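The values are calculated or read from the model by the stated rules, or taken from the named source; none is laboratory data. What you are looking at is a predicted structure, and each value in this text was computed from that prediction instead of being measured. Each accessible area value is taken on the protein alone, full model and side chains, heavy atoms only, with ligands, DNA and RNA left out. Shrake-Rupley method; radii C 1.70, N 1.55, O 1.52, S 1.80 Å.
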Amino acid sequence: MDVINPSSHNKAMLWNWNLVHGLSIFGCISGVAVFTVTPFITENKTLRGLAVGYGLVASGCVEICYNHLNKIAPRVKTIYDKDTASFRSETLADYHVAHVTNAVIGDYFVNSRKGSLESELDSELIEASTEPNYQVEPSRTPTKQESSAIELGKRTEPTQEFGDIEPNRAEVIKVLQSMEAGETQTEAIYRIWGAKKGSSKAYKNALAKYKMIEAELEED
């Protein structure tokens, strides 16, 4: 039993279709032209007879080609449909791969940049909080949020308003990071102090700390 290569078979079928289609068009045009024009350009009976004969033969060939095209038309249509579906599938697959690749690359650069900025800010806050007198370098002026975080980190005695809930330096840094990350108040309190929203004393103390730090960082 012979094994037929589908790809070669499809190419042969398309080549057959194009050949027969071309012959039918040529036979139709040439037959009509010879049969119609010859009587007007010559009075020779032999040439006129040959023109009539050629026209009849051409019409017969066109009829045979037409019947053959009708037989193979469904298979040719199936081949074209398969090629179209294959092309669409390959295009969609390539688009999906490119989209996923670009998304991964974008996330990598965003996360890398975010981690770098957080590391730089943490190191600057830690270095500034350990100095007895914070001095602003001439080449760089700290932002208002950084200055507020540094001042809050330096405090060691509780204020009269908040009693024994004065935030420490680590809490100030965590609140600053949560604000930059876009976390809500409830999410930040639960992540930093482990207190769920409610009427408990732990949540009230954590809320007071958060409000104090937020007021200092967002002060104009």
Find how much the distance from S119 to V37 grows on full extension, using 0.36 nm per residue of separation minus their present alpha carbon separation; answer in nm with one decimal. 20.4 nm
State the dimensionless ratio Rg/Rh of segment 1-82 (Rg: radius of gyration of Cα atoms; Rh: Kirkwood radius). 1.22
Residue-by-residue Karplus 3J(HN,Hα) for segment 188-194, coefficients 6.51, -1.76, 1.60, Hz, glycine and proline x: 5, 5, 5, 6, 7, 10, x
Rolling a 1.4 angstrom probe over the protein heavy atoms, how many square angstrom per residue are accessible across segment 1-112? 80
How large is Rg/Rh for segment 179-220, to two decimals, with Cα atoms and a Kirkwood Rh? 0.98
When every protein chain stays in place and a 1.4 Å probe is rolled, E183, E63 sorted by accessible area with the largest first are E63, E183
Under 5 Å between amide hydrogens, which residues at least 5 positions from K197 or on another chain qualify, with H placed 1.01 Å from N in the peptide plane? none
